[in-house]
Amino acid sequence: MGTSGMTTVWLHFRLSLGAVPRAGAVAVAALLLVSGSSLAQECPLIVPVIVKDLEGGFVGQTGTVWTIAPDCSFTVARQIGANVADPHKRGRLTLDQQKRLGALMGGVPLPAQLGGVPQANAHQITVSYGQTLAILSLAPGGGDLKTLRAAAADEPSARVLELAEALWDMIGS
């Protein structure tokens, strides 16, 4: 298997002379089925996306960590302080969710620092994607993601909030 993420499928047949035409049709149908399902599973990511929705406190930052792999499988874990627990939820994004994620990840690259100056016990949302690490700092206890997105002062902040809100909606916490 190469690094391109493509899966090679080998089909083995034992043929008798009378079965050649039917076996050929079965092989073509099987290849079409495998190709169709592979195309339907194309994920828009080339590197993992990690989104953290964290709130500062006595033990450090606590919150939810979503990780989506380039094959669109995902995990959801809790972070308490510096420790990220083992994932408590795993799955794979549906085709509609993959399209939504692709639309959210496209566009202008995110700046490294968004929002105001980090405060004590700040609410922070981080997006890590390849070489990009964007940190949106919000006031402590600033409200739910939908309310924060509606009040966002700039487009990059709104995009980070929309991505976090979409992950919350699509795969939960």
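At 0.36 nm per residue, and after removing the present C-alpha to C-alpha distance, how many nm does the segment from Ala69 to Gln119 gain when stretched out fully? Before the final figure, lay out each step's value.
Details: separation 50, 0.36 × 50 = 18.00 nm, distance 3.13 nm.
Contour length minus Cα-Cα distance gives 14.9 nm.
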Would you mind calculating the gained length between Gln131 and Val59 on full extension (0.36 nm times residue separation, minus the Cα-Cα distance), in nm to one decimal? 23.1 nm
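All of the numbers you see were taken from the coordinates with simple rules; none came from a lab. None of the values given here were measured: they were computed from a predicted structure.
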